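A.B. asks: Let me give you the structure first, and then I'll get to my questions.
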Amino acid sequence: MKTLNLNNTGIALALAVVGLPTVALAQAGNLSDVVVTSTRLPAGLSVTPGAYVISRQEIDDRQLTFVSEALQTAPGLAVFSNGLFGLTSVRQRGAGPDKTLVLVDGIPVNDGSQPTGSYDFAGLDIDDIERIEILSGPQASLWGSDSIGGVVSLISREPAGLRATVDGGAFGTVRGSFGAGRSADRWAIGVTASHIRSDGISKADPRNNYAAFGFPAYHPSEEDGVETTTAGLRGWITVSDTVELDGSVRYNDSTTDIDGYRAAVGYVLSDTDDIYKSESVLSQARAVIQAPAGFRHELSVSGYRLDRDSLGESGNYGYKANRRILRWTVEHGGLNDRASFKAGAEHIDNRATLSTGDKRKLGGASAFVVARFRPTEPLTVTVSGRYDDPDNYKGVATGRVGASYAIGGGVSVEGSFGQGFKTPSISQTACDFCYAPPVTLKPEHAEGYDGGFAWRSVDGRFSGRLTGFRTDIRDELAYRDLHYVNLAKTRSRGVELTGEATLGGGFRVKGAYTYTDAINAITGARQLRQPRNAGSTILFRRGSRVETALTVRAESSQVDTTVDGFSLVNRKGFTVADIAAAYALNENVRLTGRVENIGDVHYQESFGFAQPGRAIYVGVRLAR
């Protein structure tokens, strides 16, 4: 199979590449049955513009290992990594990687010690995740800062039964996972654990043409491996008819070999002995109180601690980040009520170290309200508003309104408008890595619009969505002239097409396609690492004993930086395919196998960084 270059293709060719037969929502079954919880006030997927859900069934059928693998086929997301197991970032509807807010069970986990405050998806194990919810477009009225592009929300699996998986294969990879839970009428408790070890491949691609960029010939060959351990404990107990308590702890420890820029070969991407280590602990305790007149109160305290170190030829650096959130919410009404609302208040305390070792903090308080109205049966309107009072910066008020109207024949018209903002990070506020006098900074601001159509057949076998979107960001922070300044202005617009069809013989197919035009609104230059065209098709088949999933995804070319990390270059587009299959020996035991990159395609998600060729894995999965 040859790499397909989509550089000059339009939407029509991209659709042909990904083979979209219909349009995709990421869960089998009737669209109206899917509930989204990251909207704060739980809502049906069919009446929530910009929402997308990846189910546990899909995760299992595709035999995914990391959350980033699931996000690669979601509409509106551009996922790119610095090689196998390398730094992995996400652009959402063209916005920068620092403008996607990542939540785990409602807790923000973006890195407070990272200069821009973005999140690294590398090594984020998917075994203990029940589903992934994606909200695209500015969501500040729900979640505050950092959600300009949108939100990626991970929901943990509930304690239930016993399960275990062991598999291994290419690059000396071995993976094992375990989960056990027990529940009764008034309590439940469960534990999870997983471990992944792999020799990996060289992150600096051996096929890089260094001579083409004026550097001496060089051929990286060192293997860059990874070792990651994740463990979790969660449970709940009903204290009385009106009070329920729950809590969870999630621990992760990861060590990854990375490649950097070596002076001996002209400061270009090359083999180095650098190691990246991270350790994180995520915890939450919550009380749920059923009050008179149907009101439901929640009180919670959560914490997130992240320690990360870079060790090796580039120097030894250590960073720490701590976040504590106190939150109260009150909710009234349900999915089928004519009117419902949820309101709340929270205080966030963020602390982090700088490159100098100094410790700084930056937090704030906020209050929000979200309400849903159904004035007539076909029309659903959702409005939300929030006020954030961050430390060191002026308060910010944001709002959002979305609506869905069923016009008949299974067709709905939908749209939304939302506002977003991003407070400068601790590093930017303190002017870390600055070699010029700092200037006064202010939060970034954004407005986003989307609108389109959703359709579902009467029998629920076919469904789809067509959405046009636009996001404008002003006062965007950039590092210029050796310090941080509010300089940039960006604009992204595009189209998302998704769909799903349940066919005969146990077959189901889903697909997604996104066209994104993301530019610097001042210079007109294209944004880095944002393909204009991206799409995927996944074909599932579930039989009495055999389950299979064939995934094909494609990206057009994109602007990137060369092996020197500065000069611009055009990274070629690519098309890759994976297949996974499972055979049920009995109702509790399944043999599994998957082949990644079936065509042995040479491709790069980020220019200069290698992705693996054909790789085969086999294993066994137990569940009871």
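The values are calculated or read from the model by the stated rules, or taken from the named source; none is laboratory data. Not measured: the values here are computed from a predicted model. Here the Cβ is made from the backbone with ideal geometry for all residues, glycine too, and neighbour counts use every protein chain on show.
A.B. asks: Which condition does Ala580 not pass, out of (1) touching a residue at least 60 places away in the same chain (Cβ under 8 Å); (2) surrounded by 16 or more Cβ atoms within 10 Å (Cβ to Cβ); (3) touching a Gly at 6+ places or on another chain (Cβ under 6 Å), if it passes all the others?
C.D. replies: Checking Ala580 against (1) touching a residue at least 60 places away in the same chain (Cβ under 8 Å); (2) surrounded by 16 or more Cβ atoms within 10 Å (Cβ to Cβ); (3) touching a Gly at 6+ places or on another chain (Cβ under 6 Å), the one that fails is (3).
A.B. asks: What are the residues in the range 590-623 that are part of a strand (DSSP E or B) and either aromatic (Phe, Trp, Tyr) or farther than 23 Å from Ser544 by Cα (or both), if any?
C.D. replies: Glu596, Phe609, Ala615, Ile616, Tyr617 - these are the residues of the range 590-623 that are part of a strand (DSSP E or B) and either aromatic (Phe, Trp, Tyr) or farther than 23 Å from Ser544 by Cα (or both).
A.B. asks: Being surrounded by fewer than 15 Cβ atoms within 10 Å (Cβ to Cβ) and within 29 Å of the chain's Cα centre (by Cα) is the filter here; which residues of the range 278-298 pass it?
C.D. replies: Ala285, the sole residue that qualifies.
A.B. asks: Name, by its number, the condition in (1) within 28 Å of the chain's Cα centre (by Cα); (2) in a strand (DSSP E or B) that does not hold for Arg374.
C.D. replies: Just one mismatch for Arg374, condition (1).
A.B. asks: Another one. Exactly one condition in (1) touching a Cys at 6+ places or on another chain (Cβ under 7 Å); (2) surrounded by fewer than 18 Cβ atoms within 10 Å (Cβ to Cβ); (3) touching a residue at least 60 places away in the same chain (Cβ under 8 Å) is not met by Glu447; state its number.
C.D. replies: (1)
A.B. asks: Return the residues of the range 338-365 that are in contact (Cβ under 8 Å) with a residue 24 or more places away in the chain and over 15 Å from Ala430 (Cα atoms); say none if nothing qualifies.
C.D. replies: Arg338, Ala339, Ser340, Phe341, Lys342, Ala343, Gly344, Ile348, Asp349, Gly364, Ala365
A.B. asks: Same structure again: Just need a number here: residues in the range 469-488 that are surrounded by fewer than 16 Cβ atoms within 10 Å (Cβ to Cβ) and in a strand (DSSP E or B).
C.D. replies: 5
A.B. asks: With at pLDDT below 95 and of a type in the set (Ser, Thr, Tyr) as the only criterion, which of Tyr479, Tyr405, Tyr449, Tyr513 stands out? Lay out the reasoning, then the answer.
C.D. replies: Working: Tyr405 fails: at pLDDT below 95; Tyr449 fails: at pLDDT below 95; Tyr513 fails: at pLDDT below 95.
Sole residue among the options that is at pLDDT below 95 and of a type in the set (Ser, Thr, Tyr): Tyr479.
A.B. asks: Let me ask something else about it. Within the range 517-576, which residues are aromatic (Phe, Trp, Tyr), within 23 Å of Gly94 (Cβ to Cβ) and touching a residue at least 12 places away in the same chain (Cβ under 8 Å)?
C.D. replies: To start, the set of residues in the range 517-576 that are aromatic (Phe, Trp, Tyr) comprises 540, 566, 574.
Within this subset, residues satisfying the condition of being within 23 Å of Gly94 (Cβ to Cβ) are 566, 574.
Correct list: Phe574 only.
A.B. asks: (1) within 23 Å of Phe80 (Cα to Cα); (2) within 22 Å of the chain's Cα centre (by Cα); (3) surrounded by 19 or more Cβ atoms within 10 Å (Cβ to Cβ): which one isn't true of Asp517, the others all being true?
C.D. replies: (3)
A.B. asks: Sort out which residues of the range 571-609 are of a type in the set (A, V, I, L, M) and more than 25 Å from Thr537 (Cβ to Cβ), and write them in order of number.
C.D. replies: Residues satisfying the conditions are Ala584, Leu585, Val589, Leu591.
A.B. asks: Let me ask something else. Which of the residues spanning the range 200-226 are touching a Gly at 6+ places or on another chain (Cβ under 9 Å), over 10 Å from Asp257 (Cα atoms) and not hydrophobic (A, V, I, L, M, F, W, C)?
C.D. replies: Within the range 200-226, Asp205, Asn208, Tyr210, Gly214, Pro216, Tyr218 meet the criteria.
A.B. asks: Also, I was wondering about something else. Identify, by number, the condition in (1) hydrophobic (A, V, I, L, M, F, W, C); (2) over 25 Å from Gly112 (Cα atoms); (3) out of contact with any Pro (no Cβ under 8 Å at 6 or more places or on another chain) that Val439 doesn't meet.
C.D. replies: For Val439, the exception is condition (2).
A.B. asks: For Ala367, all conditions in the list (1) at pLDDT below 95; (2) under 26 Å from the mean Cα position of the chain (by Cα); (3) not acidic (Asp, Glu) hold save one; what is the number of the exception?
C.D. replies: (1)
A.B. asks: Any idea how many residues of the range 388-407 are farther than 28 Å from Lys361 by Cβ and either of a type in the set (D, E, K, R) or free of Cβ contacts under 8 Å to residues at least 24 places away in the same chain (or both)?
C.D. replies: 2
A.B. asks: Identify, by number, the condition in (1) within 22 Å of Thr39 (Cβ to Cβ); (2) in contact with a Gly (Cβ under 8 Å, 6 or more places away or on another chain) that Asn350 doesn't meet.
C.D. replies: Against the list (1) within 22 Å of Thr39 (Cβ to Cβ); (2) in contact with a Gly (Cβ under 8 Å, 6 or more places away or on another chain), Asn350 comes up short only on (1).
A.B. asks: Which of the following residues is more than 22 Å from the chain's Cα centre (by Cα) and closer than 21 Å to Tyr52 by Cβ: Arg465, Arg470, Arg508, Arg480?
C.D. replies: Arg508
A.B. asks: Could you tell me which numbered condition Arg571 fails, if it satisfies all but one of (1) surrounded by 17 or more Cβ atoms within 10 Å (Cβ to Cβ); (2) more than 24 Å from Asn533 (Cα to Cα); (3) among the charged types (D, E, K, R)?
C.D. replies: Condition (2) is where Arg571 drops out.
A.B. asks: I'd like to verify a number: residues in the range 390-435 that are over 23 Å from the mean Cα position of the chain (by Cα) and aromatic (Phe, Trp, Tyr), how many?
C.D. replies: 4
A.B. asks: Any residue in the range 536-546 that is among the aromatic types (Phe, Trp, Tyr), in a strand (DSSP E or B) and surrounded by fewer than 19 Cβ atoms within 10 Å (Cβ to Cβ)?
C.D. replies: no
A.B. asks: Select the strands (runs of 3 or more DSSP E) contained entirely in the range 262-362, then report the ones holding at least 1 residues which are modelled with pLDDT of 95 or more and aliphatic (A, V, I, L, M). Outline the logic, then answer.
C.D. replies: Values: elements: 268-270, 275-290, 296-311, 317-332, 339-353, 359-361.
By residue number, 275-290, 296-311, 317-332, 339-353.
A.B. asks: So which residues in the range 150-162 are in contact with an Asp or Glu (Cβ under 9 Å, 6 or more places away or on another chain) and at pLDDT 95 or above?
C.D. replies: Val151, Val152, Ser153, Leu154, Ile155, Ser156
A.B. asks: Additional query: Go through the range 262-277 and count every residue that is under 28 Å from the mean Cα position of the chain (by Cα) and crowded, with 17+ Cβ neighbours inside 10 Å.
C.D. replies: Initially, the range 262-277 is screened for residues under 28 Å from the mean Cα position of the chain (by Cα), giving 269, 274-277.
Within this subset, residues satisfying the condition of being crowded, with 17+ Cβ neighbours inside 10 Å are 269, 274, 276.
The qualifying residues number 3.
A.B. asks: OK, next. Mind counting the residues in the range 564-596 that are among the hydroxyl-bearing types (Ser, Thr, Tyr) and within 30 Å of Ala211 (Cβ to Cβ)?
C.D. replies: 2
A.B. asks: With (1) in a strand (DSSP E or B); (2) under 28 Å from Gly76 (Cβ atoms) as the list, and Gln530 as the residue in question, which single condition is left unmet?
C.D. replies: Failed condition: (1).
A.B. asks: Here's another thing I want to ask about it. Condition check: charged (D, E, K, R) and in contact (Cβ under 8 Å) with a residue 40 or more places away in the chain. Does Asp459 satisfy that?
C.D. replies: no
A.B. asks: Also, quick follow-up: Please determine, by comparing only the residues of the range 77-114 that are charged (D, E, K, R) and assigned to a loop (DSSP other than H, G, I, E, B), which one is farthest from Asn208 (Cα to Cα).
C.D. replies: Looking at residues that are charged (D, E, K, R) and assigned to a loop (DSSP other than H, G, I, E, B), I get Asp105.
A.B. asks: Right, something else. For the subset of the range 613-624 comprising residues that are of a type outside the set (A, V, I, L, M) and surrounded by fewer than 17 Cβ atoms within 10 Å (Cβ to Cβ), which member is farthest from the chain's Cα centre (by Cα)?
C.D. replies: Out of the qualifying residues, it is Arg624.
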